[in-house]
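Once you've had a glance at the structure underneath, I'll fire off some questions.
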Amino acid sequence: MEELQKIIENIKGADEEALQKAIERQNNLLKPKGSLGALEDISIKLAGITGKINNSADKRILFLFGADNGVYDEGVAATPQYFTKILINSYADNVGTGINVITKSCNTDLKLIDMGIKGGINHKNIDNRNLMINGTNNFAIEKAIPYDVVIKAIKIGIEYAKYAKDKGYNVIGNGEIGMANTTTAAACIMALVKSSNKKLVGRGAGLTDNQLEKKREVIRKAITKYNLFHAEPFEILSCVGGLDIAAMTGLYLGAAYYRLPIVIDGLISISAALMAYNIKNEVKDFMFTSHHSEEPAYLRAVNALGLEPMLNLHMRLGEGSGCPIAMQIIENACHIMNNMQTFQDINLEDEYRKDIIMK
């Protein structure tokens, strides 16, 4: 824990000098100020992360964490639990699953990690970091993850951020696979925002009305049982979290520590982002949101972070599928900042713009 605390303490926010220089360049590019909207904001934010005005997002990697959840036993998910293992093996075999197709089309590398899939995984294309060979405990009965295992999982996530830095990646994303992890994610978000509103709990990959009410009740009881509105983030992860969420929390912390931009996917990913933010607020300066998730708790989490999704494609696949698409937009923003000419470059008079208000 001491090593982790040192990393957290050494996370610094955006480089303010680089931000101001990036704003100045954007304001001088050959266009009306603000006319490229979020693309301008993205390139400016990148400058705050890297300390450089000119950046790239052409070397990309998505970390996909697999984990099984004991709360599945409460009937909160419709998909059979063994699908976790089948699906991650399919990703590893590159058989044309959603995330295989999307990462390939978006020139994004894919790194698969087993954090706690039941029975473990033996595949050359999947990293074995399994911390609980039977998956997490059923949090309706007992705490999901021992506290020390939470810390180990977070440190693993930080290690993967270092891996990305050492390999020269300039943008990273995160995804997951694990049946019932919309239950763990919703529970984590509701604990962090201190809300027991059952409308924040969605259907995940699909539930009947009775199953949905069961899922809501399981989360409500857990919030009360573990007194989660008064718990710190590590304890929330221990009580109702998943090993995938814990590892992604570490990835966000690591991205900030190693000063890498990191893209948020959907509900599970943003639950980890919000967890990392509650551990160290400065990590928000390194986060980009990809798409608006259809899960209700997502909106509460993204509002709590004060971020705005780039896209609304009505996606709900998971797997980190929104990240590679957003990474392409980040690269577009870089090209604009790097290659667009300024008024001064072509000796075009711009005095007329001084008093114009765009917003």
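Given a Förster distance of 51 Å, report the FRET efficiency between SER90 and GLU308 from their Cβ-Cβ distance, rounded to the nearest 0.05. Kindly include the intermediate steps, with their values, before the conclusion.
Details: r = 33 Å, r/R0 = 0.65.
The formula returns an efficiency of 0.95 here.
Please get the size of the charge dipole for the chain, origin at its Cα centre, with Cβ charges of +1 on Lys and Arg and -1 on Asp and Glu, quoted in debye to the nearest 20.
It works out to roughly 460 debye.
In cubic angstrom, how much convex hull volume per residue do the alpha carbon atoms of the stretch 123-189 span? Present the calculation step by step, with values, prior to reporting the outcome.
Working: hull volume 8.3 nm³, N = 67.
Cα convex hull per residue, to the nearest whole number: 124 Å³.
Specify which residue in the list VAL71, SER56, MET190 is farthest towards the positive end of the charge dipole of the chain, using unit charges on the beta carbon of Lys, Arg (+1) and Asp, Glu (-1), about the Cα centre.
Towards the positive end, the residue furthest out is VAL71.
Continuing with the same structure: Starting from 0.36 nm per residue, how many nanometres of slack lie between THR342 and SER105 once their C-alpha separation is accounted for?
Stretched out fully, the THR342 to SER105 stretch lengthens by 82.1 nm.
Springs between alpha-carbon pairs under 10 angstrom, Gaussian network model over the chain: which of PRO80, PRO261, PRO146 fluctuates most?
Comparing PRO80, PRO261, PRO146 in a Gaussian network model of the chain, the most mobile one is PRO80.
Contour minus end-to-end for ASN332 and LYS31, with contour as 0.36 nm per residue of separation and end-to-end as the Cα-Cα distance?
106.8 nm
Using a basic spin-label model with each label point 7 Å from the Cα along Cα→Cβ, how many nm lie between ASN125 and LYS162?
Spacing of the two 7 Å Cα→Cβ label points: 2.8 nm.
Rounded if a/c is under 1.5, else prolate if a/b beats b/c, else oblate: with a ≥ b ≥ c from the C-alpha gyration tensor eigenvalues square-rooted, which is the stretch 257-341?
In terms of gyration-tensor shape, oblate.
Then there's this: Sequence gap of 8 or more, or different chains, plus Cα separation below 25 Å: how many lysine pairs satisfy both in the stretch 1-73?
14
Continuing with the same structure: Suppose we keep just the alpha-carbon trace of the stretch 50-142; what are its Rg and Dmax in angstrom?
For the stretch 50-142, the Cα-based Rg and Dmax read 16.3, 52 Å.
Taking just the C-alpha trace of the stretch 218-274, give me its Rg and Dmax in Å.
Considering the stretch 218-274 through its Cα atoms, Rg and Dmax are 12.7, 39 Å.
Continuing with the same structure: Contact order normalised by length for the stretch 197-287, with contacts defined as Cα pairs under 8 Å and 6 or more residues apart; what percent is it?
On the way: 60 pairs, mean separation 21.0, N = 91.
Answer for the stretch 197-287 is 23 percent.
Follow-up. Over all directions, average the projected area of the Cα convex hull of the chain and note it in nm².
18.0 nm²
Just SER269, SER56, SER105 to compare: in a GNM of the chain, with alpha carbon springs under 10 Å, which one fluctuates most?
Checking each option, the largest mean-square fluctuation is seen for SER105.
Between LYS214 and PHE83, what FRET efficiency follows from the Cβ-Cβ distance if R0 is 22 Å, with the result rounded to 0.05? Spell out each step's value before the answer.
Values: r = 20 Å, r/R0 = 0.89.
It comes to 0.65.
Students often get this wrong: which residues of the stretch 73-109 have the backbone nitrogen under 14 Å from the point 7 angstrom along Cα-to-C-beta of ILE141?
Within reach of a label on ILE141, which here means backbone N under 14 Å from a point 7 Å along Cα→Cβ, the stretch 73-109 contributes 73-75.
Taking only C-alpha pairs under 8 Å that are 6+ residues apart, what is the relative contact order of the chain in percent?
Details: 737 pairs, mean separation 89.1, N = 359.
It comes to 25 percent, rounded to a whole number.
Highest GNM mean-square fluctuation, the chain, Cα pairs closer than 10 Å: which of ARG259, ARG25, ARG220?
In this elastic network of the chain, the residue with the biggest mean-square fluctuation among ARG259, ARG25, ARG220 is ARG25.
Read-outs: derived from the displayed coordinates by stated rules, not from any lab. Predicted model, so just to flag it, every value in this text is computed and none were measured. We place every Cβ from the backbone using ideal geometry, glycine too, and count neighbours over all the protein chains shown.
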